[in-house]
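The values are calculated or read from the model by the stated rules, or taken from the named source; none is laboratory data. Owing to the predicted nature of the structure, the values given are computational and were not obtained by experimental measurement. Neighbour counts are summed over all protein chains in view; Cβ atoms, including those assigned to glycine, are modelled from backbone coordinates with ideal geometry.
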Amino acid sequence: MAAIVQGPREQQEGSKAWNLCPMPWWSNTNDNSKSNGRPEDRNSNNSQQYDQRPPNTRQQSFAAMAKASLLAKRRLRFDPDGKLYFMYEPGKQVSSAVRIKNVSKSYVAFKFQTNAPKSCFMRPPNGILSPKESILATVMKFVEQPEHPQERKTKDKFKIVSLKVKEGTEYTPELFEEHKDLVSVERVLQVVFLDPKRQCQELDKLQKRLAEAEALNQARKKPQDDNTPKPPAAEGVIDEWKERREKYLARQQVEVVDSV
């Protein structure tokens, strides 16, 4: 039998016939072997794997970027930052102090908010800070008796919000409500209790801040020494008014007696 010799054209037609039914596993193996041999193909595969991350992972990365941008735009700085320390004394009113500084180039109004308004109050509760100005705010809290003696945790929090204002603006209770779309949450401070009988670094810092806040409060209460005339006290005005009225009534009685 004579052998059939195929020419180039017949070989191409034969190969096309075989290619009509390709084998997936065979083509994948060849593609992988080719891609493994070239660095640019490996890079393209890595980029495809990166794009095929779960949606939750991409959302978390976007949220982290947005949070970082918000942190960079904060107007106020706090010390301590993130936590508000109190000495744990059940059944008593305890105090804490936090330093607030305006680190922006604008005037900033601030306001304290808390989820426990019945047992907590702040001094001052609000105000306006000029650029680079700082204050030492005092926070008072009543510590309730716990159900369990070893339980010291609390869910009380303090939120400080801020609003950029113009120079010369006076603080009013309606200020934040009128511009609520421009209000920013600066920080949420979590209440943390400290054992007053156990010395630690945070307890030392708390005691120093409280001493400084008390000194500033006493300095504000102390009257200023000046030579300007002061108005008479309210008691003196009332006493003088009483004396004049008594003299007037006495004269009225004398006139009545003379007429009789």
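For segment 190-222, name all the residues that are of a type in the set (S, T, N, Q) and within 16 Å of Gln93 (Cα to Cα).
The answer is Gln207, and nothing else.
What do you reckon, is Lys164 modelled with pLDDT of 70 or more, closer than 30 Å to Lys92 by Cα, surrounded by 10 or more Cβ atoms within 10 Å (Cβ to Cβ) and of a type outside the set (Phe, Trp, Tyr)? Spell out how you get there, then give the answer.
On the way: modelled with pLDDT of 70 or more: yes; closer than 30 Å to Lys92 by Cα: no; surrounded by 10 or more Cβ atoms within 10 Å (Cβ to Cβ): yes; of a type outside the set (Phe, Trp, Tyr): yes.
So Lys164 does not fit the description; no.
Kindly establish whether Lys132 is surrounded by 13 or more Cβ atoms within 10 Å (Cβ to Cβ) and either among the acidic types (Asp, Glu) or under 24 Å from Glu212 (Cβ atoms) (or both).
Against the criterion (surrounded by 13 or more Cβ atoms within 10 Å (Cβ to Cβ) and either among the acidic types (Asp, Glu) or under 24 Å from Glu212 (Cβ atoms) (or both)), Lys132 does not qualify.
Name every residue in segment 115-131 that is within 18 Å of the chain's Cα centre (by Cα) and not in a strand (DSSP E or B), in order of residue number.
As a first pass, look at segment 115-131 and keep what is within 18 Å of the chain's Cα centre (by Cα): 115-117, 120-129.
Asn115, Ala116, Pro117, Pro124, Pro125 - these are the residues of segment 115-131 that are within 18 Å of the chain's Cα centre (by Cα) and not in a strand (DSSP E or B).
Of all residues being not in a strand (DSSP E or B) and not basic (Lys, Arg) in segment 93-114, which is surrounded by the most Cβ atoms within 10 Å (Cβ to Cβ)? Just the residue, please. Step through it out loud before you land on a result.
Initial filter on segment 93-114 (not in a strand (DSSP E or B)): 103-106.
The next check asks that each one be not basic (Lys, Arg); those that pass are 103-104, 106.
Details: Val103: 13, Ser104: 17, Ser106: 13.
The extreme case among them is Ser104.
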